[in-house]
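> Mind looking over this structure? Questions follow.
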Amino acid sequence: MDGHRRSLSARAWRALTYGVPLAFLALFFVYPLATILERGLLSNGSLASPLDVLTDPLTRDVVWFTIWQALASTVLTFAIALPAAYVLGRYTFPGRDVVRALVVVPFVLPTVVVALAFLAILPAGLERGWAAILIAHAFFNVAVVVLVVSTFWASLDRRVTEAAATLGAGPWRSFREITLPLLAPALAAAAAIVFLFSFTSFGIVLILGGPGYSTIEAEIYNQAVRIFDLRAAAVLSLVQLLCVGVAVWITLRLEARVAVRGGLRSERDVLRRPHTIREKAFVAGSLCLLALFLGLPLAVLVERSFAVGGGHGLDAYRALAHPTSALLATPWEAVVNSIVYAGAATVIAVVIGGLAAFAVASSRGPRALDGLLMLPLGASAVMLGFGFVIAFDRAPLDFRAAPWIVPVVQALVAIPFVVRIVAPTVRAIDERQREAAAMLGASPGRVRREIDLPIIGRALAVAAGFAFAISLGEFGATVFIARPDSPTLPVAIFRFLGRPGELNAAEAYALAVVLMAVTAISMFVAGRLRIRRNGWI
Amino acid sequence: MTKCHKALVGTLVGILAFGGFACTGGGESPTDVVLVTHDSFAVSEDVKKAFENETGLKLRILQTGDAGETLTKALLTAGNPQGDVLFGVDNTLLSRALDGDVFQPYESPALVAVDARLVLDPEHRVTPIDHGEVCLNVDKAWFADQGIAPPRSLDDLDDPRYRKLLVVQNPATSSPGLAFLLATIARYGEGGWQGFWRRLRENGVLVVDGWEEAYTVRFSGAAGSRGDRPIVVSYASSPPAEVIFRMPQPSTAPTAVVEDSCFRQIEFAGVLRGARNEEGAQKLVDFMLSKPFQEDVPLSMFVFPVNREAKLPPEFVKFAVVPERPLDLPPGEIEANRDDWIKAWTDIVVR
């Protein structure tokens, strides 16, 4: 009897962890995207041949450039981020939480603002072209690698590598043969996300590349909006989706092949203070390099926010208190709107992403759900935005002007992060702990509550912080959906930046600084949550 | 498992559908009117309130991306629109909107106060609301310091004296960039503009992606900019903005407009075909032509009113120039050639 009830609840749990994320994805991603692709491809009621678009040499150039710049951006991002990820994943030191919070700041900034900051600091010759694009992509994405990898690294048992050292393995060999395979899931997860973000980037590519540079996403925008050739836009979206599908599939294969399960430890048992001079120098050196790379463009933004009247002053910040016709509101209301939207998106993303993480971690075969949930990161945001207006245009599904559609789309982008941060931890939970608990008579629900939840608590908190940051930054389709007159921070920044006059520019930068502060504070709070949960284990 | 699955999807759809109903209202006589527009739309709070008090309708504003995205969405939803009035289609996109059957005709009585040359659709499917001119702006101080006379017309730009002084936006990615290309086509004709751009290229024209970079980063005349290009493509309203938003306010505008380089952009509003609140939509179009709204557009959107009776703010009277005879092209011609012109331009200037 008891066994029957247990298996029933296990089946309900499985249905819940698979069904809810799949339904969400089907309704808010697959359905609108399929609707717009169908509209584009079936012009004149018949399937139009995509061959002319595919054989256009321009398309080939753009596809090739999109792929290689995304790969190169991923490599550069890892080169810059890995030392810091190592430091944060192995050592504890005063201000560690502050560093983890600050790293995320660049990630949320609007691309135009960052591009303009880069134009100001890159040396002549480097300021335009592919090098500038790669550097800017690395600037944005360092946070992904540092957070995803260091969170996982900080839960890997130190004793394994220490045992290897005792047995005579050098540091390089123990890294290659022990740490690397253990770390593989997190590395693959971070690589996939950085690749997809760089792959679909287009503001950075157009501004920093200069005329002549373009990505598939930029071409889709060009076809759909400038030329209004929906057929070409749909064909290009399918090409993009295909590339993204292949990239995601490779990542999953790689992850499945190399991933080794190790027992997870609480961060408190893993992290230690740097002892030797060499260790101290390495910690300080990696953090200084990262601070320099991320800090310089940010410093430009801060400086610009004070630049008024030929000198420096607080005028832009004072002006933020006043209502302005640019926003139909005061800029501070934009701050509140951003926090409300991001809060709602975080709740959606953590609930749905958390459930999906369990589904992904428990399945043994190729994890299709995992791959599907990644697709919104790489699918065309432009087309998805258009899909929303035609897919949800009739009762009972007329959501086109509903305010809650904004956090829903933000959550669509945040969910893959939640899954990628939480799933490796769920997967690494030692099965023996669960079995032992079950053997002692614990029900599956109790096993989840008392074994799984405390261990994934910190990953969930990190994921929630990251989801909040992603929603604050408003990427992807968020940019392309209609919104009622309640501007958020990124929207407000665009509005000010688009107007001539010194005070407008300074106000745009001042709001960017406010966005930076809100991000840093929320990430810091998320970090604190994690530590309290740790104490709770 | 599959049954469970279906039940879950059903529940989710049900909840969302309910939310959708709650949000759209769906009542018999609408109490609001929805203005669908682009991200640059702005209106002062008291002007918005004035409309609401006058008509008893709540004005909801739905901003759906830049002007191009807004039109694309309107085309995709023609007949079943997102709102009641669309504002923000300009003369460079007008033909596409009319061909897409987005609007239904409405001839506002308020049109009597509008210059007939701005009314481009004789069927009144769209109504002109404002106009703004894309013009070359020059940095007066830079030219004074160098002892060079600033250019007075488009013809001057290939003069070696102005070598490496001009920054323009890519017409493929920027709306003022496209307007400036159209200005050169209007000025030099179908056979002559290519040669002009070849000479500009030889004379070191800098092409950037968008207005933000061109004006705030590359142009030397924008306050706070570290740019080194004293000639930029911007708007006729930029010089007054340089006065209004500079602290302390200067007594003369630091920048000036090259009058013969201006291309006229007219922005239109129209009642959307299938509007839920057609009567409210017509009231809104009337209101947008009335003095309170028209006198608000210069300082909220940096464009000029079309209503002859609307008074300009003092900063505009003092520092803005409304070009007498701006350059212009018929919307049908723009629609028919836009893509080819941009491709040809790209081959000449970028490749």
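The values are calculated or read from the model by the stated rules, or taken from the named source; none is laboratory data. Since the structure is predicted, the reported quantities are computational estimates derived from the model, not experimental observations. Every residue, glycine as well, gets a Cβ built from its backbone with ideal geometry; the counts of neighbours run over all protein chains shown.
> Please find, within segment B:17-50, the residue that is modelled with the highest pLDDT out of those that are under 30 Å from residue B:301 (Cα atoms), in contact with an Asp or Glu (Cβ under 7 Å, 6 or more places away or on another chain) and at the interface with another protein chain (Cβ under 8 Å from one of its Cβ atoms).
Applying the filter and picking the extreme gives B:34.
Matching residues to (1) away from chain B (no Cβ under 13 Å); (2) within 23 Å of residue A:467 (Cα to Cα):
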residue: A:386; (1), (2): no, no
residue: A:398; (1), (2): no, no
residue: A:404; (1), (2): no, yes
residue: A:409; (1), (2): yes, yes
residue: A:417; (1), (2): yes, yes
residue: A:423; (1), (2): yes, yes
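Let's see how each residue does on (1) under 19 Å from residue A:107 (Cα atoms); (2) more than 10 Å from chain B (Cβ to nearest Cβ); (3) not acidic (Asp, Glu):
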residue	(1), (2), (3)
A:198	yes, yes, yes
A:203	yes, no, yes
A:213	no, no, yes
A:217	no, yes, no
A:220	no, yes, yes
A:229	no, no, no
A:234	no, yes, yes
A:240	no, yes, yes
A:248	no, yes, yes
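> Step by step: first the residues of segment A:303-340, then only those that are at pLDDT 90 or above and surrounded by fewer than 16 Cβ atoms within 10 Å (Cβ to Cβ), then the one that is nearest to the other protein chains (Cβ to nearest Cβ). Which residue is that?
The selected residue is A:303.
> I'm trying to understand the selection: among the residues of segment B:157-172, which are within 14 Å of chain A (Cβ to nearest Cβ) and out of contact with any Pro (no Cβ under 8 Å at 6 or more places or on another chain)? Lay out the reasoning, then the answer.
Quick first cut of segment B:157-172, residues within 14 Å of chain A (Cβ to nearest Cβ) only: B:164, B:167-172.
If the condition is that a residue be within 14 Å of chain A (Cβ to nearest Cβ) and out of contact with any Pro (no Cβ under 8 Å at 6 or more places or on another chain), then B:164, B:167, B:168, B:171 are the ones that fit.
> Inside segment B:208-222, can you point out the residues that are more than 17 Å from residue A:112 (Cβ to Cβ) and buried (at least 24 other Cβ atoms within 10 Å of the Cβ)? Explain how you work it out, then say what you get.
Of segment B:208-222, the ones more than 17 Å from residue A:112 (Cβ to Cβ) are B:220-221.
Matches in segment B:208-222: B:221 only.
> Here are some conditions: (1) surrounded by fewer than 24 Cβ atoms within 10 Å (Cβ to Cβ); (2) touching a Gly at 6+ places or on another chain (Cβ under 9 Å); (3) of a type outside the set (A, V, I, L, M). Residue B:70 meets all but one. Which one does it not meet?
(1)
> Is it true that residue B:296 is over 19 Å from the mean Cα position of the chain (by Cα), in a helix (DSSP H, G or I) and over 28 Å from residue B:202 (Cβ atoms)?
Taking the combined requirement at face value, the residue does not satisfy it.
> Give me a count of the residues in segment A:195-233 that are among the β-branched types (Val, Ile, Thr) and surrounded by fewer than 21 Cβ atoms within 10 Å (Cβ to Cβ). Break it down into steps so the answer makes sense when it comes.
Just the residues of segment A:195-233 that are among the β-branched types (Val, Ile, Thr), to begin with: A:200, A:204-205, A:207, A:215-216, A:220, A:225, A:227.
Of the ones still in play, those that are also surrounded by fewer than 21 Cβ atoms within 10 Å (Cβ to Cβ) are A:227.
Looking only at that region, the number is 1.
> Taking the stated definitions as given, is residue B:243 without any contact (Cβ under 8 Å) to a residue 24 or more places away in the chain, surrounded by fewer than 24 Cβ atoms within 10 Å (Cβ to Cβ), within 11 Å of chain A (Cβ to nearest Cβ) and not in a loop (DSSP other than H, G, I, E, B)? Give the derivation first.
Values: without any contact (Cβ under 8 Å) to a residue 24 or more places away in the chain: no; surrounded by fewer than 24 Cβ atoms within 10 Å (Cβ to Cβ): yes; within 11 Å of chain A (Cβ to nearest Cβ): yes; not in a loop (DSSP other than H, G, I, E, B): yes.
Considered against the rule, which asks whether it is without any contact (Cβ under 8 Å) to a residue 24 or more places away in the chain, surrounded by fewer than 24 Cβ atoms within 10 Å (Cβ to Cβ), within 11 Å of chain A (Cβ to nearest Cβ) and not in a loop (DSSP other than H, G, I, E, B), residue B:243 comes out as no.
> (1) over 23 Å from the mean Cα position of the chain (by Cα); (2) under 30 Å from residue B:211 (Cα atoms): which one isn't true of residue A:199, the others all being true?
For residue A:199, the exception is condition (1).
> Of all the residues that make up segment B:220-234, how many are at pLDDT 95 or above and of a type outside the set (S, T, N, Q)?
The qualifying residues number 5.
> For segment A:183-229, which positions are charged (D, E, K, R) and outside any loop (DSSP other than H, G, I, E, B)?
If we filter segment A:183-229 for residues that are charged (D, E, K, R), which is where we start, we get A:217, A:219, A:226, A:229.
Within segment A:183-229, A:217, A:219, A:226 qualify.
Conditions tested, residue by residue: (1) outside any helix (DSSP H, G or I); (2) assigned by TED's automatic domain parsing to the domain that holds residue A:224; (3) more than 22 Å from residue A:356 (Cβ to Cβ); (4) at pLDDT below 90.
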| site | (1), (2), (3), (4) |
| --- | --- |
| A:393 | yes, no, yes, yes |
| A:398 | yes, no, yes, yes |
| A:412 | no, no, no, no |
| A:415 | no, no, no, no |
| A:422 | no, no, no, yes |
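> Consider only pairs whose beta carbons are under 8 Å apart and that are at least six residues apart or on different chains; among these, list those whose first residue lies in segment A:118-136 and is away from every other protein chain (no Cβ under 13 Å) and whose second residue is surrounded by fewer than 16 Cβ atoms within 10 Å (Cβ to Cβ) and small (Gly, Ala, Ser).
Note: no pairs meet the criteria.
> Continuing with this model, one more query. Go over the candidates A:514, A:479, A:462, A:491 one by one and state the one that is crowded, with 24+ Cβ neighbours inside 10 Å and either modelled with pLDDT of 85 or more or assigned by TED's automatic domain parsing to the domain that holds residue A:322 (or both). I'd like the intermediate steps shown before the answer.
Values: A:514 fails: crowded, with 24+ Cβ neighbours inside 10 Å; A:479 fails: crowded, with 24+ Cβ neighbours inside 10 Å; A:491 fails: crowded, with 24+ Cβ neighbours inside 10 Å.
Result of the check over A:514, A:479, A:462, A:491: A:462.
> Sticking with this structure for a sec: Among the residues of segment A:286-314, write down those that are small (Gly, Ala, Ser) and either assigned to a loop (DSSP other than H, G, I, E, B) or without any contact (Cβ under 8 Å) to a residue 40 or more places away in the chain (or both).
Going residue by residue through segment A:286-314, those that are small (Gly, Ala, Ser) are A:286, A:291, A:295, A:299, A:305, A:307, A:309-311, A:313.
Passing the criteria: A:291, A:295, A:299, A:309, A:310, A:311, A:313.
> OK, next. In segment A:379-430, how many residues are touching a strand residue (DSSP E or B) at 6+ places or on another chain (Cβ under 6 Å) and more than 30 Å from residue A:219 (Cβ to Cβ)?
2
> Can you tell me which condition residue B:324 does not meet? The list is (1) within 23 Å of residue B:241 (Cβ to Cβ); (2) surrounded by 20 or more Cβ atoms within 10 Å (Cβ to Cβ), and all the others hold.
Every condition holds for residue B:324 apart from (2).
> From (1) assigned to a loop (DSSP other than H, G, I, E, B); (2) more than 21 Å from the chain's Cα centre (by Cα); (3) at pLDDT below 95, pick out the condition that doesn't hold for residue B:107.
Unmet condition: (3).
> Ok, one more. So in segment A:430-481, with the set limited to residues that are in a helix (DSSP H, G or I) and hydroxyl-bearing (Ser, Thr, Tyr), which one is farthest from residue A:28 (Cα to Cα)? First the steps, then the outcome.
Restricting attention to segment A:430-481, the residues satisfying the condition of being in a helix (DSSP H, G or I) are A:431-439, A:444-473, A:476-480.
Those still in the list that are hydroxyl-bearing (Ser, Thr, Tyr) too: A:471, A:478.
Numbers: A:471: 16, A:478: 12 Å.
Filtering first and then ranking leaves A:471.
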